[in-house]
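What follows is a short report on a single structure.
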DNA sequence: TAGACGTGGTC
DNA sequence: TGACCAAGTCT
């Protein structure tokens, strides 16, 4: 697979690192090599673009400056810091890992890739990144950039969506990574993948490593990386229950085993069939309210459904509204009534913000 | 192993 | 609008 001579390998390392030394991005988590800083940034950067992460990183470090702060944080505060970033299990796992570090490791970081992978939420990529950047270990950190860059440089045809392909790339990169600057090497690959060797509109003519890019030399850049197609999101019909009471609106904390776990939102019920639609007021009444009142108060909100697309599901949400004259009984309900002025204190998913915006607009329309 | 797990940017 | 992408991990 890798046919480069030692001289070519050395030339590649030198070319890449010289370019990196002059052109590296100054990023907030590149000011030092503190493993906590590297860790937080790497978790945030999973499947998330750099420009999105930067403000979150600053806020997070202000709120949780140390591992102890992270370990002790209330879950709602933690999720609030992550609100809008997505993949919320990342931050819940980070707190679990912080507690692991304090309880089982005496607060001392494992410094090997294998040791780091024992921590919850740290997989092969993040372990490689922390090991190389924070602890100077010659370990690969194979992310999407590394897949794209090395698949083009070496015309590697393996499907990068297959788990076993990662091992192939790690084996190759181990032969290329310089032992004196492994962290800079890995970060240089990422900077390269974010500048000249991007997925869309790459600029290989001006790339510092164009002479090493076999796919470019062969006019085959578009053929790499090889990746099987993704599944289309499945459509789901839902009804959002917008329950207004004298004290505010009813929010539900989503269960830990469902999508958007532990976040707060208006109750969402399945709305796939006519039968389910007819049963909605009863379901609602059983859960947290007096049935007769609910049946009188509940009505559909006019207007098109709110749509929200996840990686694997596309939600179509109709809105149901009820105005209650008294507080519902919430003793058997995982939720609370929140005044509008305090909505921003709860961690909510983006789809909840969309529902609220649509509801506000349509309520005005009803009075037109 | 394949599918679950979010969101925002881009074309 | 839809399809794809962005510093992946867990089950």
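The values are calculated or read from the model by the stated rules, or taken from the named source; none is laboratory data. For clarity, every value in this text was computed on a predicted model and none was experimentally measured. All Cβ positions, even for glycine, are placed from backbone atoms using ideal geometry, and neighbour counts span all protein chains on display.
Quick notes on this structure:
- Residues in segment A:317-330 that are touching a helix residue (DSSP H, G or I) at 6+ places or on another chain (Cβ under 9 Å) and more than 14 Å from residue A:300 (Cβ to Cβ): A:324, A:325, A:326, A:328, A:329, A:330.
- Of all residues in segment A:196-223 being under 15 Å from residue A:12 (Cα atoms) and in a loop (DSSP other than H, G, I, E, B), the one that is nearest to DNA strand B (Cβ to nearest atom): A:207
- Contacts under 6 angstrom Cβ, first residue in segment A:308-322 being under 9 Å from residue A:240 (Cβ atoms) and assigned by TED's automatic domain parsing to the domain that holds residue A:260, partner within 16 Å of DNA strand B (Cβ to nearest atom) and assigned to a strand (DSSP E or B), 6 or more apart: A:317/A:238; A:317/A:240; A:317/A:306; A:319/A:240
- Contacts under 9 angstrom Cβ, first residue in segment A:45-60 being in contact (Cβ under 8 Å) with a residue 60 or more places away in the chain, partner part of a helix (DSSP H, G or I) and within 11 Å of DNA strand B (Cβ to nearest atom), 6 or more apart: A:46/A:90
- When residues of segment A:142-177 are limited to those that are more than 26 Å from the chain's Cα centre (by Cα), surrounded by fewer than 20 Cβ atoms within 10 Å (Cβ to Cβ) and assigned to a loop (DSSP other than H, G, I, E, B), the one farthest from DNA strand C (Cβ to nearest atom): A:155
- All positions within segment A:41-84 that are in contact with a helix residue (DSSP H, G or I) (Cβ under 6 Å, 6 or more places away or on another chain) and near DNA strand C (Cβ under 10 Å from one of its atoms): A:41, A:42, A:43, A:44, A:45, A:53
- Check on residue A:79, within 15 Å of DNA strand B (Cβ to nearest atom), in a loop (DSSP other than H, G, I, E, B) and more than 30 Å from residue A:174 (Cβ to Cβ): no
- For segment A:209-228, a residue qualifies if it is surrounded by fewer than 19 Cβ atoms within 10 Å (Cβ to Cβ) and out of contact with any strand residue (DSSP E or B) (no Cβ under 8 Å at 6 or more places or on another chain), and the qualifying residues are A:210, A:211, A:214, A:217, A:218, A:219, A:220, A:221, A:222, A:223.
- Output for segment A:178-195, where each listed residue is away from DNA strand C (no atom under 12 Å from the Cβ) and in a loop (DSSP other than H, G, I, E, B): A:178, A:179, A:180, A:181
- Residues of segment A:30-62 satisfying the condition of being away from DNA strand B (no atom under 15 Å from the Cβ) and farther than 17 Å from residue A:97 by Cβ: A:30, A:31, A:32, A:33, A:58, A:62
- Segment A:234-248, subset loosely packed, with under 14 Cβ neighbours inside 10 Å and within 16 Å of DNA strand C (Cβ to nearest atom), residue farthest from residue A:275 (Cα to Cα): A:234
- Considering residues of segment A:302-340 that are under 28 Å from the mean Cα position of the chain (by Cα), more than 16 Å from DNA strand B (Cβ to nearest atom) and under 16 Å from residue A:251 (Cβ atoms) only, the residue surrounded by the most Cβ atoms within 10 Å (Cβ to Cβ): A:319
- None of A:219, A:248 is on the phi > 0 side of the Ramachandran plot and touching a helix residue (DSSP H, G or I) at 6+ places or on another chain (Cβ under 8 Å) except A:248.
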